[in-house]
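Below: one structure, written as structure tokens.
The values are calculated or read from the model by the stated rules, or taken from the named source; none is laboratory data. The structure presented is a predicted model; accordingly, all values stated were derived computationally and were not measured. Every residue, glycine among them, receives a Cβ derived from its backbone with ideal geometry; neighbour counts consider all protein chains shown. These accessible areas exclude ligands, DNA and RNA; they are computed on the full protein's heavy atoms, side chains included. Shrake-Rupley method; radii C 1.70, N 1.55, O 1.52, S 1.80 Å.
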Amino acid sequence: MAPFESGRRLCLLVEAGETRYALEATSVMEVALPGSDGTSLRGMLEVKDLSVLLGGAPEKGQGMVVVLDVSPTLAVRVRSVVEVADVAHAPFFLLPAGLGEALVPLSRGAVLHKGRLYLELIAESLPQRGVPKPSAGTPRPVHLMESAPERALVFESQGRLFGLPLSLVSQVVTQGEAFSRLPVQRGAVAGVFPHAQVLWPIFSVPAMLGGTAGVEAFFVLTEMAGQNVGLCATRVLGVLPRFEPTDVPGEFRAPGLTGPVLFLDLQHMFS
């Protein structure tokens with residue numbers, strides 16, 4: 001009887017690089033230890049690093065080998081095998097927009113199992129030689145607010161203060177184990193986070209300004225131009241009024257703050 005006919009959907013859950021993945025058990029032929037040199041299985045089948053294939057850093061340590069029933073047969077090395085789990089009744093999320101063109105053809109979405117998010121990979125779509133290197137592309141245009149709102153949430157990210165109109169803020173949450181990094185850390189997206197039956201893309205504001213997308217302790221959940229958008233924050237200073245402009249475009253000061261607050265026009269940037 002097929003897994004769906006029996007009400008079951010078995011997946012092999014693994015960790016590779018800094019990301020967790022789910023693979024349907026029907027696409028897995030074997031799970032084994034790699035050979036002594038780590039590059040082959042029983043000297044016959046070349047082992048490829050799953051993290052590297054998906055654009056991430058090479059694995060450290062021996063790891064485990066998962067042989068996939070695809071054509072040609074693909075053996076990938078992962079950091080660890082978590083378990084084989086029935087995820088038929090686990091929450092499933094479609095991937096939100098804006099995560100990069102390379103990931104979408106490789107994943108059906110993400111499944112939440114035991115409080116942890118796993119990107120579900122499509123075995124037959126996995127590349128044999130790795131995903132294409134992303135081009136530098138055109139960064140998201142930066143727009144600054146000309147005037148601060150009457151009340152704004154102020155948060156810190158990578159040592160800099162940012163302001164967000166209170167009307168855009170839905171909630172502030174802690175990172176938690178459910179958060180998942182993406183296999184390739186590029187651009188302004190730090191990862192994805194399931195909350196209130198929605199998978200939120202988590203952005204880094206400093207990365208929008210040309211920095212790197214570091215993951216921080218808090219996520220500020222917002223709605224930007226009709227999209228669910230989360231923003232990384234080291235700490236949240238609270239809701240403040242009475243902002244006064246400085247001599248720098250987009251920067252404002254408020255009583256009780258030791259430094260200026262930068263207001264990006266994120267509604268415009270995400271529209």
Seminar exercise, completed: Matching residues in the stretch 258-271 (under 18 Å from Pro206 (Cβ atoms) and in a loop (DSSP other than H, G, I, E, B)) number 4
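Here's the yes/no breakdown for (1) within 21 Å of Gly259 (Cα to Cα); (2) open to solvent by 50 Å² or more (accessible area, probe 1.4 Å); (3) touching a Phe, Trp or Tyr at 6+ places or on another chain (Cβ under 9 Å); (4) assigned to a loop (DSSP other than H, G, I, E, B):
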residue: Leu161; (1), (2), (3), (4): yes, no, yes, no
residue: Phe193; (1), (2), (3), (4): no, no, yes, no
residue: Pro201; (1), (2), (3), (4): no, no, yes, no
residue: Ala207; (1), (2), (3), (4): yes, no, no, no
residue: Glu216; (1), (2), (3), (4): yes, no, no, yes
residue: Glu223; (1), (2), (3), (4): no, yes, no, no
Problem set entry | Verdict on Lys48 being charged (D, E, K, R) and part of a loop (DSSP other than H, G, I, E, B) | no
Exercise. Taking the stretch 76-94 as the region of interest, how many residues are open to solvent by 30 Å² or more (accessible area, probe 1.4 Å), farther than 26 Å from Asp49 by Cα and either without any contact (Cβ under 8 Å) to a residue 12 or more places away in the chain or in a loop (DSSP other than H, G, I, E, B) (or both)?
Worked result: 3
Exercise. Residues in the stretch 185-206 that are under 17 Å from Phe155 (Cβ atoms) and in contact with a Lys or Arg (Cβ under 9 Å, 6 or more places away or on another chain): how many?
Worked result: 4
Exercise. Among the residues of the stretch 257-264, is there at least one that is at positive phi and surrounded by fewer than 17 Cβ atoms within 10 Å (Cβ to Cβ)?
Worked result: no
Exercise. Does Thr19 fit the bill of being crowded, with 19+ Cβ neighbours inside 10 Å and among the hydroxyl-bearing types (Ser, Thr, Tyr)?
Worked result: yes
For this session: Go through the stretch 216-232 residue by residue and tally those that are closer than 14 Å to Gly176 by Cα and either aromatic (Phe, Trp, Tyr) or at pLDDT below 95 (or both).
Result: 2
Seminar exercise, completed: Matching residues in the stretch 226-267 (among the small types (Gly, Ala, Ser), within 25 Å of Thr212 (Cβ to Cβ) and touching a residue at least 60 places away in the same chain (Cβ under 8 Å)) number 3
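Yes/no per residue for (1) within 21 Å of Ile202 (Cα to Cα); (2) modelled with pLDDT under 90; (3) within 23 Å of the chain's Cα centre (by Cα); (4) open to solvent by less than 20 Å² (accessible area, probe 1.4 Å):
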residue: Ser40; (1), (2), (3), (4): no, yes, no, no
residue: Pro96; (1), (2), (3), (4): yes, yes, yes, no
residue: Val104; (1), (2), (3), (4): yes, yes, yes, no
residue: Ser125; (1), (2), (3), (4): no, no, yes, no
residue: Lys133; (1), (2), (3), (4): no, yes, yes, no
Exercise. When you go through Pro183, Pro149 one by one, which is the residue that is open to solvent by less than 60 Å² (accessible area, probe 1.4 Å), at pLDDT 90 or above and not in a strand (DSSP E or B)?
Worked result: Pro149
Exercise. Can Leu99 be described as under 29 Å from Gly226 (Cα atoms), assigned to a strand (DSSP E or B) and not hydroxyl-bearing (Ser, Thr, Tyr)?
Worked result: no
Problem set entry | Number of positions in the stretch 236-256 that are of a type in the set (Lys, Arg) and loosely packed, with under 13 Cβ neighbours inside 10 Å | 1
